[in-house]
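Quick one: the structure is below, questions incoming.
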Amino acid sequence: MFDFIKDLDEYFCEKYANYDKLCVLNGYKMPIMHASEVRADGRTYAYTLPSSTMRLSKQEKKDELLKALKEQMFDKTFSFSFRPLRFFAGWKNKCSKYGFVKIGRLTMAKYNTTLEKAGEELDVAPEIWKKICKGKFLPTKNVLYSLALTAHMSIDDLKNLLAICGYELDFTVEKDVVMSYLISEKVFNVEMVKAALAEYKVDNLFIKNAD
């Protein structure tokens with residue numbers, strides 16, 4: 001196993017926020033979420049601890065719990081490469097300075113490539129990618145993740161493109177936590193990416209030779 005997987009595991013325990021899944025793991029200890037304190041005025045004040053108190057990183061047996069969680073994982077995220085747009089939405093996406101086409105081109109220029117060229121690294125049909133570049137289609141979240149990995153994008157640029165297309169990083173989804181780690185930590189080595197995807201059973205990406 002790659003050494004960085006241990007670091008990924010720590011990150012995952014710190015960030016993963018699907019409490020419905022965590023709470024039903026065998027051995028998970030539900031933390032006390034309500035507390036009280038006596039303040040300077042002599043009164044007792046009750047308060048609720050933040051939901052992050054329930055994360056795996058706070059559990060004494062987090063390694064065992066994470067192992068059990070991994071055994072249950074499977075990727076059920078959307079696997080299509082594009083989202084069709086109606087006429088007005090397509091026109092706005094193509095012509096607006098805040099649309100994916102213009103922001104996507106500016107973003108790719110930062111990495112010394114073009115939007116069209118970046119698509120050659122993806123396992124997306126050329127005719128589909130051409131329509132994405134022309135603003136007729138929007139890329140799906142999985143395509144944006146694939147683009148971020150193959151173009152070696154920063155996490156801020158990824159978040160920006162996600163927001164433009166109506167998405168966001170969702171730490172209740174295993175894939176989003178793994179993608180956030182890989183891109184934040186600049187883990188772009190192909191074999192390391194493959195290892196991380198396999199470890200967390202992440203699928204439905206559009207990276208050539210990712211299997």
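The values are calculated or read from the model by the stated rules, or taken from the named source; none is laboratory data. This structure is a prediction, so every number in the text was calculated from the model and none was measured. Every residue, glycine as well, gets a Cβ built from its backbone with ideal geometry; the counts of neighbours run over all protein chains shown. To get the accessible areas, we keep the full protein, side chains included, count just its heavy atoms, and leave off ligands, DNA and RNA. Shrake-Rupley method; radii C 1.70, N 1.55, O 1.52, S 1.80 Å.
Quick one: accessible area per residue over the chain, 1.4 Å probe, rounded to a whole number of Å²?
Value for the chain: 58 Å² per residue.
Further, regarding this structure: For the pairs 110/159; 102/134; 29/194, flag any whose C-alpha to C-alpha distance is greater than 21 Å.
In this structure, 29/194 exceed 21 Å between Cα atoms.
Got a sec to turn the phi values of segment 30-42 into Karplus ³J(HN,Hα) couplings, 6.51 cos²θ - 1.76 cosθ + 1.60 with θ = phi - 60°, whole Hz, x for Gly and Pro?
Taking θ as phi minus 60°, the curve returns 5, x, 6, 8, 10, 9, 9, 8, 9, 9, 4, 7, x Hz for segment 30-42.
Another one. With +1 on each Lys and Arg Cβ and -1 on each Asp and Glu Cβ, and nothing else charged, work out how big the dipole of the chain is about its Cα centre, in Debye to the nearest 20.
1140 debye
While we're on this one: Provide 49, 106 ordered by accessible surface of protein heavy atoms (probe 1.4 Å), highest first.
Details: 49 55, 106 115 Å².
These residues rank, largest area first, as 106, 49.
Select from 93, 169, 49 the residue farthest towards the positive end of the dipole of the chain; place +1 on Cβ of Lys and Arg, -1 on Cβ of Asp and Glu, and compute about the Cα centre.
Positive-most Cα among the choices belongs to 93.
Over what distance in Å are the Cα centres of segment 55-73 and segment 9-31 separated?
6 Å
First compute the accessible area of segment 44-115 with a 1.4 Å probe, then give the percent of it belonging to carbon and sulfur atoms.
Answer for segment 44-115 is 58 percent, counting heavy atoms of protein chains only.
Could you list which residues have their amide H under 5 Å from that of residue 137, counting only those 5 or more apart in sequence or on another chain, with H placed in the peptide plane?
Those qualifying (amide H under 5 Å, at least 5 residues apart or on another chain) are 132.
Right, something else. Of the heavy-atom accessible surface of segment 164-211 (probe 1.4 angstrom), what whole percent is carbon and sulfur? Could the numbers behind the result be given before it?
On the way: 1030 of 2230 Å².
That fraction is 46 percent.
Next up: Considering the values (1) 52; (2) 46; (3) 56, which represents percent of Cα pairs over 23 Å apart as calculated for the structure under consideration?
Of the listed options (1) 52; (2) 46; (3) 56, (1) comes from this structure.
Count the net charge of all other residues whose Cβ sits under 11 Å from the Cβ of residue 146, scoring Lys and Arg as +1 and Asp and Glu as -1.
With Lys, Arg at +1 and Asp, Glu at -1, the neighbours total 0.
How many nm is it between the label spots at residue 21 and residue 172, if each spot is 7 Å from the Cα in line with the beta carbon?
1.2 nm
Roughly how tilted is helix 100-109, in degrees to the nearest 10 and between 0 and 90, from the longest Cα axis of the chain?
90 degrees
On to the next question. Work out the FRET efficiency for residue 67 and residue 130 from their Cβ-Cβ distance, taking R0 = 35 Å, and round it to the nearest 0.05.
0.20
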